[in-house]
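Read the structure below first, then the notes.
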């Protein structure tokens with residue numbers, strides 16, 4: 001009787017289950033091994049970093065106590081110098097001390113005593129009392145006291161001074177409590193204790209209410225600190241839990257307190273990385289990921305095609321900003337690069353078409369305006385001449401003569417508008433030559449407008465580099481354009497504003513910025529501000545910025561607008577620098 005071949009069930013399986021089982025076999029064990037190695041490495045690094053972190057926090061808190069002593073000494077010296085030599089009032093009190101006492105209280109000091117050489121209290125703040133006699137010498141140290149029958153520790157300083165001709169002392173202190181160690185206490189996983197050490201080297205009591213409950217200091221740690229060490233780490237002493245200790249010493253370098261920091265809770269998350277239940281969970285996750293690998297692979301192959309389809313639909317709808325990710329293998333990447341290049345060209349063509357259409361509209365508008373301006377000039381001249389003739393040959397009543405003056409003023413205003421319109425439509429030819437944009441344009445324009453700016457109470461400044469900003473330009477037309485920008489800024493800022501002219505050189509170009517702190521250009525006008533006849537002024541013609549743009553285009557330059565950081569407006573003129581042919 002023949003024996004059935006082993007693993008006959010494997011031979012009967014279809015290809016898809018075989019691939020799934022094979023994928024599980026080759027993927028799950030490496031995942032488990034890698035997870036175990038990573039867990040061990042991360043756990044060791046984590047434990048080391050936690051111990052170092054706790055030690056740094058304990059040392060930081062001890063240093064805070066030392067710095068608090070120095071600050072208390074400094075504050076005591078300042079107050080003592082301020083009240084030294086003061087006299088006692090009829091009630092036997094020092095008059096100026098209350099002001100400085102309020103100041104010390106406002107900055108966090110809890111304790112203050114002013115007393116004479118006999119220990120008589122002249123002034124006091126705080127209900128706590130020292131357990132030792134009040135010091136009779138200048139010093140800064142750590143002191144112990146009683147606050148409502150509760151033992152406390154505080155940092156303080158004593159300064160000697162003379163009050164009413166007698167030797168006196170000023171003592172200022174600050175409690176070492178939960179408020180003092182506020183920063184570490186905000187870390188919920190950290191348990192902080194402040195222990196008092198007696199003169200004979202024993203831990204007397206716990207002065208803080210640590211979240212982890214009271215505990216004793218190991219004798220090895222206490223001996224280490226009594227021998228002069230500033231910190232001690234239980235990890236280095238082969239103790240299981242991570243705890244750090246930092247010494248607090250008085251002015252005689254005697255150990256009087258210990259700052260203790262440790263993590264609360266029984267164990268950290270990383271300590272459970274080696275348990276079997278976690279590895280079983282990893283095995284289940286790895287198997288699930290293996291089964292989903294086929295779905296993910298098909299998704300990866302179809303995603304580039306889906307992106308291409310979305311891109312084609314967007315372009316067909318008129319959105320030429322659409323770009324598709326250049327991913328999916330060499331063939332798909334080449335297809336995506338070609339599609340993006342095509343949409344970029346279509347976008348550039350549409351932008352160019354819109355710009356050309358806009359220019360054609362402006363040209364048509366300018367030609368129509370020029371025809372209207374020419375037609376207006378002739379009857380306007382007749383009206384002006386007739387009005388002046390009537391005024392000269394007729395004895396008009398004062399009221400009628402004032403009406404004639406109004407007519408002439410309006411005629412002159414219309415003549416100026418017609419002249420501006422014709423100058424915009426048919427600007428004069430630029431007489432370009434090498435000029436210094438600062439010395440021949442910016443500074444003269446600012447000097448010309450300075451009297452008007454001062455009259456309005458507007459401050460101004462010109463910020464320019466030491467090197468000359470040489471450009472090829474018509475100084476008169478550039479001067480007129482800059483005057484237009486400065487006067488617009490002056491109208492915008494009003495009385496008490498400021499205007500800044502800033503010249504910079506970069507990349508073969510010179511930039512001249514006119515910045516003000518006015519309200520800026522309204523958002524609905526930003527896109528049309530350089531179009532003719534667009535203005536926000538009640539009496540404006542809307543040709544100022546349009547003429548500035550035409551002038552700069554004739555100089556191969558440009559003008560841009562952006563909002564200033566403080567809310568004003570910044571107009572930037574850019575012109576190409578003249579290259580030094582002698583270099």
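Just so you know, all these numbers are worked out from the coordinates, no wet-lab data involved. For clarity, every value in this text was computed on a predicted model and none was experimentally measured. We place every Cβ from the backbone using ideal geometry, glycine too, and count neighbours over all the protein chains shown.
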Find how many whole Å separate the alpha carbon centroid of the range 309-327 from the alpha carbon centroid of the range 142-170. 78 Å
Inter-label distance, nm, simple model (7 Å from Cα along the C-beta direction), residue 202/residue 56: 3.8 nm
When the C-alpha atoms of the range 433-576 are aligned to their principal axes, what extent does each axis show, in angstrom, from largest down? 38, 31, 27
At 7 Å along Cα-to-Cβ for each site, give me the label-to-label distance between residue 117 and residue 99 in nm. 2.9 nm
Could you line up 227, 149, 476 from fewest to most neighbouring Cβ atoms inside 10 Å? 149, 227, 476
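Can you sort 194, 292, 130 by how many other beta carbons sit within 10 Å, fewest first? The partial results should precede the final answer.
Details: 194 24, 292 11, 130 18.
Ranking 194, 292, 130 by Cβ neighbours within 10 Å, fewest first, gives 292, 130, 194.
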Using 7 Å Cα-to-Cβ label points, what is the residue 78/residue 350 separation (nm, one decimal)? 6.5 nm
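Can you tell me the length gained on complete extension of the stretch residue 45 to residue 525, counting 0.36 nm per residue apart and subtracting the Cα distance? Spell out each step's value before the answer.
Details: separation 480, 0.36 × 480 = 172.80 nm, distance 6.01 nm.
Working it through step by step, the gained length comes to 166.8 nm.
Based on other C-beta atoms within 10 Å, arrange 356, 59 from fewest to most.
Details: 356 10, 59 18.
Placing the least packed residue first, the sequence is 356, 59.
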